[in-house]
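To start, the structure itself, in structure tokens.
The values are calculated or read from the model by the stated rules, or taken from the named source; none is laboratory data. These figures come from a predicted structure and were not determined experimentally. When we count neighbours, we look across all protein chains shown, and the Cβ atoms used for this are built from the backbone with ideal geometry, even at glycine. The accessibility values were calculated without ligands, DNA or RNA, using every heavy atom of the protein model including side chains. Shrake-Rupley method; radii C 1.70, N 1.55, O 1.52, S 1.80 Å.
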Amino acid sequence: MEAERTEGQTREPERAAGASRRSLSEEDTKNRPAEVRASIVATKRGNSRGAKGRREMDPKGPRMTEERPASVPPGAPQAGETSSATRHAKPWVWTERMLAALANGVKGGKWFRLIDKVFSRRNLDRAFEQVARNDGAAGADHVTVDAFELHLEENLRTLHEDLRSDAYRPQEIRRTRIPKPGTGETRPLGIPTVRDRVVQTALVHVIEPIFERDFAEHSYGFRPGRSCKDALRRVAELLKSGHHYVVDADLKSYFDTIPHGPLLDRLREKIADGRALSLIQSFLEADVLEGLAAWTPEEGAPQGAVLSPLLSNVYLDALDHLMAEAGYEMVRYADDFVILCRSAEEAEKALELVREWTQANGLTLHPTKTQVVDERSGGFDFLGYHFERGWRKPRKKSVAKLREGIRRKTRRKRGDSLEFIIQDVNKTLRGWFEYFKHSRSWAFPRLDSWIRMRLRSLLRKRSGRRGRGRGLDHQRWPNAFFADRGLFNLETAHAKARQPSLR
């Protein structure tokens, strides 16, 4: 997966919801007694509507059973500040008593009565706010975030009632394909409707801390309080400590091939609420629309759905712990991971262990992209960077993605003023540099020169000349000409970033 982010795709508008938007009062933030349970061996059947028994999602669909729980010890202490799960748990969902149970563990290791927390109006309100901040395209129903917000109170009330009464069903997922930078390949992207994104976000608010509590330390992707830079930092530390032999692994079409059955089994290890599990299953089995074609997926979690990153981490968590128990230094960001070893023999053994696990769990390692490499000879790519001989630079695909974005913004027929175009280009350059500023200094001058060439070509076109900016164009529009107009310079920015801060 492409982990680098060259431009922010997220808007942060100040949305005025008016009378339609519910505001959170002080009463909303108070803790209420939690209804947390843990399962025991005996099961109780009946009560088809939900909390305590067998129920049906659909007359033709699977039936999910639920175990009768035992209560959490009332004297459980509060969670400490060191836990990522408790630190990032949403306060409008997770009360102090629930956090205490999370920190100390529930009896039987399973959580009960989660669905009521999913359809809580407070949770749905906050879920929509998050969806609105992320914006995104409309789904198969063509309803945008703005259109959904026009009738926000009615829409959220309907979601609340449908989830509470078990009448909610996900809509189709609109599938599109986006190009992979630097290749002729495309990546499938699933776009749920806004209403489904709200429900998935509310669901993540509830179940994420349950799994986050036990996720492996070396997993960094799509986890609260963690980022690509944390993963890159860990890789750099291991390389400096002598781990030069690297298992560069690639899971072939991971998001599209996650087996539904084993994934649900892993969810059942910690969740005993049949209605919550059935809701998750309904998202996995939602119909997919791509052009005029439509089908019901039998495997996979659509890449682009709010719930999919968490589910992908849940499924690979067993691999994380297997490698850690075997003593291997693994660094994983979603489906992109490397294993750093001190010898070639150790790396080959690690790769064989990964092969065995993936084969047993319904996944496939890419036959040509998975290999053992020596970082001192040839190097490897990870999260947008190329690592080799103790240094790093943007990998070729990362540079290709930047150039593609700059080309779009510097077309010779673009009619905006040069100053406006430079401001637009700077937005891309600043975001790209912020991620790749840890590269070696020689990675930037050629890019700066190429960007100025694009701008000279644009000016050359406007002055009635043909072709690319060259020759006398460097005298007509010298480097200082663009610097005076505020063009962001990667080489200069890198030199400043390397200077020690003055105190």
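So what is the diffusion coefficient of segment 76-209 in µm² per second by Stokes-Einstein at 25 °C and 0.890 mPa s, using a Kirkwood Rh over Cα pairs?
Estimated diffusion coefficient is 147 µm²/s.
Could you estimate the translational diffusion coefficient of segment 329-389 from the Stokes-Einstein equation, with Rh from the Kirkwood formula over C-alpha pairs, at 25 °C and 0.890 mPa s, in whole µm²/s?
196
Using R₀ = 51 Å, calculate the FRET efficiency as 1/(1 + (r/R₀)^6) where r is the Cβ-Cβ separation of residue 229 and residue 462; round to 0.05.
0.80
Tell me the accessible surface of residue 169 in square angstrom (1.4 angstrom probe, heavy atoms of protein chains only), to the nearest ten.
90
Holding the Cα-Cα limit at 27 Å, pick out from 229/427; 180/496; 180/427; 397/427 the pairs that are longer than that.
180/496, as the Cα separations exceed 27 Å there.
To one decimal place, what Kirkwood hydrodynamic radius in Å is obtained for segment 228-351 from all pairs of distinct Cα atoms?
Evaluated over segment 228-351, this radius sits at 16.4 Å.
Tell me the net charge near residue 453. Cut-off is 9 Å between Cβ atoms, residue 453 excluded, with +1 for each Lys or Arg and -1 for each Asp or Glu.
Net charge around residue 453: +4.
Between residue 382 and residues 5 or more places away or on another chain, which pairs have amide H atoms under 5 Å apart, with H built 1.01 Å from N, and which residues are they?
Amide H neighbours of residue 382, under 5 Å, 5+ apart: 387.
Residue 178 to residue 438: FRET efficiency via 1/(1 + (r/R0)^6), r the Cβ-Cβ distance, R0 30 Å, to the nearest 0.05?
0.70
Read phi for every residue in segment 265-276 and hand back ³J(HN,Hα) as whole Hz from Karplus 6.51 cos²θ - 1.76 cosθ + 1.60, θ = phi - 60°, with x for Gly and Pro.
Ordered by residue, 3J(HN,Hα) equals 4, 6, 5, 5, 4, 10, 10, 10, 8, x, 5, 5 Hz.
Applying the Karplus parametrisation 6.51 cos²θ - 1.76 cosθ + 1.60 with θ = phi - 60° to the phi angles of segment 184-191, what ³J(HN,Hα) value in whole Hz is obtained for each residue in order, glycine and proline being reported as x?
Karplus-based 3J(HN,Hα) across segment 184-191 equals x, 8, 10, 10, x, 10, x, 10 Hz.
Kindly report, to the nearest 10 Å², the accessible surface of residue 98 as traced by a 1.4 Å probe over protein heavy atoms only.
0
Give me, ordered by chain and number, the residues 5 or more places off residue 303 or on other chains with an amide H under 5 Å from its own placed amide H.
190
May I ask you to give the average projected area over all directions of the convex hull of the Cα atoms of segment 430-503, in nm² rounded to one decimal?
Directional mean of the projected Cα hull area for segment 430-503 stands at 6.1 nm².
List the relative contact order of segment 93-217 as a percent without decimals, with contacts defined as Cα pairs under 8 Å and 6+ residues apart.
34
Across segment 308-325, in residue order, what do the Karplus-derived ³J(HN,Hα) couplings come to in whole Hz, using 6.51 cos²θ - 1.76 cosθ + 1.60 with θ = phi - 60° and x for Gly and Pro?
For segment 308-325, the Karplus-derived couplings read 4, x, 5, 5, 5, 5, 4, 6, 8, 4, 5, 5, 4, 6, 4, 5, 5, 5 Hz, x marking Gly and Pro.
Would you rank 151, 260 by solvent-accessible area, highest first, keeping every protein chain in place and using a 1.4 Å probe?
The ranking, largest first, comes out as 151, 260.
Provide the gained length on full extension for the span residue 476 to residue 142, in nm with one decimal, where the gain is 0.36 nm per separating residue minus the Cα-Cα distance.
Contour length minus Cα-Cα distance gives 115.3 nm.
Put a dot 7 Å past each Cα toward the Cβ at residue 449 and residue 491; how far apart are the dots in nm?
Taking the two extended label points, one gets 0.8 nm.
Dividing the alpha-carbon radius of gyration of segment 115-182 by 2.2 N^0.38 Å (N being the number of residues), what value is obtained?
Cα Rg divided by the expected 2.2 N^0.38 Å: 1.30.
Let's test the formula: R0 of 22 Å, r as the Cβ-Cβ distance of residue 484 and residue 412. What FRET efficiency results, to the nearest 0.05?
So the FRET efficiency works out to roughly 0.50.
Equivalent ellipsoid semi-axes for segment 137-220, as square roots of 5 times the alpha carbon gyration tensor eigenvalues: give them largest first, rounded to whole Å.
Largest first, segment 137-220 gives 27, 23, 11 Å.
Compare 106, 306 by solvent-accessible area with a 1.4 Å probe and give them largest first, with all protein chains kept in place.
Ranked from most to least accessible, the order is 306, 106.
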